[in-house]
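**Q** Can you read through this structure? Questions will come right after.
The values are calculated or read from the model by the stated rules, or taken from the named source; none is laboratory data. None of the values given here were measured: they were computed from a predicted structure. Here Cβ is always computed from backbone atoms with ideal geometry, including for glycine, and neighbour counts include all displayed protein chains.
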Amino acid sequence: MKIKGTCTRCGREFLVEQVVQNGGRCPWDGQPFEADYAAVLVDSLRDAGSAGSTLENALEKTADMQPEFTLDLESVIGVLKQHIQRLERRTGR
């Protein structure tokens with residue numbers, strides 16, 4: 001899963017993978033996204049990317065089997081959406 005973000009300073013989009021590779025810094029302006037907790041930020045972004053890919057792959061396999069059930073979309077993405085919205089509120093987006 002390719003998670004994207006936008007730097008609130010320079011306004012440019014980035015992939016989470018780029019931030020992880022840059023040690024928690026914006027790949028465009030070079031400034032840290034979280035100066036006091038850069039290592040924690042990098043770890044959490046790495047975990048989010050990995051978990052997202054795992055979830056995406058698992059749901060793809062499940063859908064490919066065409067089982068006789070549906071999944072409730074909100075039960076899968078509801079809490080994720082809440083956390084994304086918290087980030088958006090913090091930055092005023």
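**Q** Quick one: which residue in Gly5, Gly23 is closer than 16 Å to Leu87 by Cβ and either outside any helix (DSSP H, G or I) or at pLDDT below 95 (or both)?
**A** Gly5
**Q** Quick one: which of Ser53, Ser44, Ser75 is outside any loop (DSSP other than H, G, I, E, B), more than 21 Å from Lys2 (Cβ to Cβ), among the polar types (S, T, N, Q) and free of Cβ contacts under 8 Å to residues at least 60 places away in the same chain?
**A** Residue meeting the stated conditions: Ser75.
**Q** Right, Thr62: touching a residue at least 40 places away in the same chain (Cβ under 8 Å) and not aliphatic (A, V, I, L, M) or not?
**A** It is false that Thr62 is touching a residue at least 40 places away in the same chain (Cβ under 8 Å) and not aliphatic (A, V, I, L, M).
**Q** Can you tell me which residue in segment 26-41 is surrounded by the most Cβ atoms within 10 Å (Cβ to Cβ), limited to those that are out of contact with any strand residue (DSSP E or B) (no Cβ under 6 Å at 6 or more places or on another chain) and part of a helix (DSSP H, G or I)?
**A** The selected residue is Leu41.
**Q** What do you reckon, is Cys26 in contact with an Asp or Glu (Cβ under 8 Å, 6 or more places away or on another chain) and more than 21 Å from Val79 (Cα to Cα)?
**A** Answer is no for this residue.
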